[in-house]
Amino acid sequence: MNDKTCSCCSSTKQNEPEPRRGFLAKLIAIGVGAAAFLTPVAVGLRAFFSPMQQKSGAGEFMKVTTVDALTATPTRISLTKDQVDAWNFVKAAPLGTIFVQKKADGQIVAFQACCPHAGCTIGVTEGKNGEGPLFLCPCHKAWFDLSGVRTQKSSPSPRDMDMLEVEIRNDTEVWVKYQNFQTGTSSQIASA
Amino acid sequence: MTTTILHWIDQRTGLVTACKQCCDRKVPGGSCPCHILPSMIISTLATLCITGFFLWCFYSPSSRSAWESVFYIEKMVPAGGLLRAMHHMSAQLLVFLIGVYILLAVFRGGYRVARKFVFWAALVMGLLALGGCLTGDLLPWTANGYSATLVRTKFLLLIPFAGESLFKIAIGGPGPGLTSLTLTRFFALHIGIFGAGIIGVACLWRWLDGKADDLALSTKNANDKKDDQVAGDNSLSNSSSDADKSSCSAPQPTGWFWPNQAMFNMLGALLAVLIILILSKGGVEIGSPADTDPAMFYGAARPEWSFRAIYEVCHFFPGSWQFIPVFCISGMVVGYFFLIPLIGMFRQGKSLGHKINMAVVAIITLGIVGLTWLSFYKDANDPEYLADAYKGEKRAERFVEICEKQGIPPAGALALGANDPLIRGPELWEQHCASCHNYEGGTMDDIVANGPTAPNLYGMGTREWLVGWIDTEKNEDGLLKIETPDYFGGSPFLGGTMVDYVKTSLPDNIETLEEDYGEEETKVMYDRLIEILIEESKLTKPRQVDDETVEGLSEDDMYIMEDFGCAQCHSFYTLEAVDPGPELTGYGSRDWLIRIISDPEQKGLYAKDNHMTAFHTGDEPILSQREVEILADWLNRSWMKTESEQSESDAGTSETAK
């Protein structure tokens, strides 16, 4: 390196790099850099993970009918529910179909009308041998008795009809906990 | 152990060597906080992109869901409002910082020799940032964004020959208005071209800057060895900060990038994020959903602050001459900036080119700043703009209110608004009623007709409004209230029976009553008369009549209607008028309003001497049944109320609201 004096300002600085800073500088650089980068990431993730806090609407009790309106023959009820799809609020969107009946001893029983085999809607029809009304699924001819039990030795359905929880509120109101279940399984598994 | 792993990674990727090289870079001129501007820009850009991605997870680009999804982000998503505000503010900060960077580069001569391409890269970044702002403005599908974008895209029509095609390409459809396809197109441009583009150019910019530093350092070493003075232009040997210390040839110090400069850079990055957080504190307004109906064009639509200068220049040019400021002037300004590095080479010895650059840029900058200020100043002092802006704000607030309370139907928020008296009422009024009727109460909600020929309907059914009809006191011009334009003053009824009655017979009537019952009692009866009419206007439909009893009215009430002479001309339930004018049965009630708007010549209304249009009769009515109901509800102030409004009206404030 030559010793130089600048002709205009008499500076004699050499072309040497400044000393390298130490550990603290490195720590600050990494820490502060991370803070700067992670701040928007944190805000974003807070929003991104927010669905974890949300509850799905399935599995809530809803009022479907009154005790007096029910008979021993199952009544078919189409349920609707106000549904929210993100920011859209749909009034009375179709939810599903159920059967409700009042047994001889006064007990109220409710079934999901969705067949556990492949999801067709079960209907009520007269039994072929004069046994009175039975449940029949029209798609693959699965028969169930009024307690939802399969009547055939080898029924197309892997399990009996899905029973739904019933509550009587205020003596006269029939409330049912509507739920969907997975089809094709031999045990009852609730689906979202 | 770590060295082995690092060596293994480095052999296969070269990453470790690259990192080391980066850390060992020398910074010309020494490490210094004054170099943090590029890091602030990168940090702002990073914040923009990160927040942009997370917003992308929620946003839906269609005319029926864009505003609604933004509403969802603001109101339903935790930290959604902050996320959106940070995105908006980092965009503004980015434009600002790039602008500052370019100006500093010009005035310090940092665009010269080694850094020409760095300068050009920064210019391209600036343009891409502005493109991002323009496309981003439309995405929330607000009234402001929609109207502003419509104006901007329509400028393309001014281009000869290709104009119409360019317009259609820009808006993704045949026009004349913007559609969902405009949104999807702008969204793709926003992220795919401007967003990705600016990231790419930013990387290029930093890489070019590094190359320029290398060039500066190697040339400096070469100069030292040569031991001669470099005439004039010493920008080879320095960073952008030291260009103007041009005549000294002494060697300048160098610094280390890691950790010295890196530390300062990261502090700069954090500073940028903190600035963004501070700017985001107040949040960004939601705005009201765009109405594509040309009649609903938002008069107070304005571009972002960064475009205000050119917006202001456009005002100096009429109609299609706006081609000049939009394309020619802005084209020349942008073109000049790109030529700066080349102009700077002119007469390098005397730095003449550089001085020209500084002068021109100074003028342009002052012009932009001045015009921007002027634009804001003019708006702040323009009553029409302020009225439009106020109405826009109220509309936005009301939309948020009804969406929160009622939930947005699948058809979108606009569908909800079309059914809301507070939103749709004034719109219908302006289109159909304001040609004859004022709606004026001295508030910012006023809609004033051009020469009203029918009564002012502001405060219809309130005490003040009702009293005005029968006020026997003359004003300073010697006129009764009923003779003023607020009542019959502008209408053909000015010379009619009612005016005559208030002028001559009513004062006598009142005098007689005072003689018979005393002043105090008469006052009580007078108040009750007004009360009866106020109650009538709050009804939905007329009262039930059973035999001779009217539901809710006493015998005394009926006597009051007779005593003041009203029942002489105005039938009122069981009281039959001798000389029938319009009935007072259910006067001002919802049913009455619907009937009179639908057909004023119906029985009991203005069968004779009617001058008002029938808005809902026959096969092709002017207004639908629902629209008539909306007008009625709006006039009657019976819309879904906020909590504060509800408690006000519950407290029995029958005065005009506000």
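Using amide H atoms built 1.01 Å from N in the peptide plane, name the residues 5+ places from A:MET62, or on other chains, whose amide H lies under 5 Å from its own.
Hits under the 5 Å cutoff: A:VAL176, A:LYS177, A:TYR178.
Check A:LEU95: other-chain or 5+ apart residues with amide H under 5 Å from its amide H, H built from backbone geometry?
Here A:LEU79, A:THR80, A:LYS81 satisfy the definition.
For chain B, what's the relative contact order in percent, using C-alpha pairs closer than 8 Å and at least 6 residues apart? Please list the in-between numbers first.
On the way: 842 pairs, mean separation 82.9, N = 658.
Computed value for chain B: 13 percent relative contact order.
How large is ³J(HN,Hα), in whole Hz, for each residue of segment B:173-186 in order, when computed from phi with the Karplus curve 6.51 cos²θ - 1.76 cosθ + 1.60 and θ = phi - 60°, using x for Gly and Pro?
My calculation for segment B:173-186 gives x, x, x, x, x, 8, 10, 4, 5, 4, 5, 5, 5, 5 Hz in order.
Work out how much length B:GLU514 to B:TYR606 would gain on full extension: take 0.36 nm times their residue separation and subtract the Cα-Cα distance, in nm to one decimal. Could you put the intermediate results ahead of the total?
Values: separation 92, 0.36 × 92 = 33.12 nm, distance 3.26 nm.
Contour length minus the Cα-Cα distance gives 29.9 nm.
Have a look at the DSSP beta bridges in the protein assembly as shown and tell me what percent are antiparallel, nearest 5.
In the protein assembly as shown, approximately 95 percent of DSSP beta bridges are antiparallel ones.
Just to check I understand the Karplus step: with θ = phi - 60° and J = 6.51 cos²θ - 1.76 cosθ + 1.60, what whole-Hz values come out for segment A:181-187, glycine and proline as x?
Here the 3J(HN,Hα) series is 10, 5, 8, x, 9, 7, 10 Hz.
Apply the Karplus curve 6.51 cos²θ - 1.76 cosθ + 1.60, θ = phi - 60°, to the phi angles in segment B:431-440 and return the couplings in whole Hz, x for Gly and Pro.
6, 10, 9, 5, 6, 10, 9, 7, 10, 10
When Cβ neighbours within 10 Å are restricted to other protein chains, what is their mean count per residue of peptide A:23-30?
Average neighbour count from other chains, rounded to a whole number: 5.
Over segment A:77-192, calculate the relative contact order: mean separation of alpha carbon pairs under 8 Å at least 6 apart, over the residue count, as a percent.
Over segment A:77-192, the number comes to 18 percent.
Roughly how many debye, to the nearest 20, is the charge dipole of segment B:58-157 about its Cα centre, given +1 on each Lys and Arg Cβ, -1 on each Asp and Glu Cβ, and no other charges?
Details: 9 positive and 3 negative charges, 89 e Å.
For segment B:58-157, the charge dipole is close to 420 debye.
Give the distance, in whole Å, between the Cα centre of segment A:110-172 and the Cα centre of segment B:492-516.
For segment A:110-172 versus segment B:492-516, the Cα centre distance is 81 Å.
Out of A:PRO158, A:GLY59, B:GLY52, whose Cα points farthest toward the positive end of the dipole of the protein assembly as shown (charges: +1 Lys, Arg; -1 Asp, Glu; placed on Cβ)?
B:GLY52
Dipole of chain A (Lys/Arg Cβ +1, Asp/Glu Cβ -1, origin at the Cα centre): which of A:LEU24, A:VAL84, A:THR183 lies farthest to the positive side?
Value computed over the given set: A:LEU24.
What longest region of chain A stays clear of GluC sites (Glu not before Pro) that DSSP places outside H, G, I, E and B and that have at most 14 other Cβ atoms within 10 Å?
No qualifying site falls inside A:61-130, the longest such stretch.
Throughout, read-outs are computed from the coordinates displayed, never taken from laboratory work. The structure displayed is predicted, hence computed values, not measured ones. Reconstructed Cβ throughout: ideal geometry from the backbone, glycine too, with neighbour counts over all protein chains shown.
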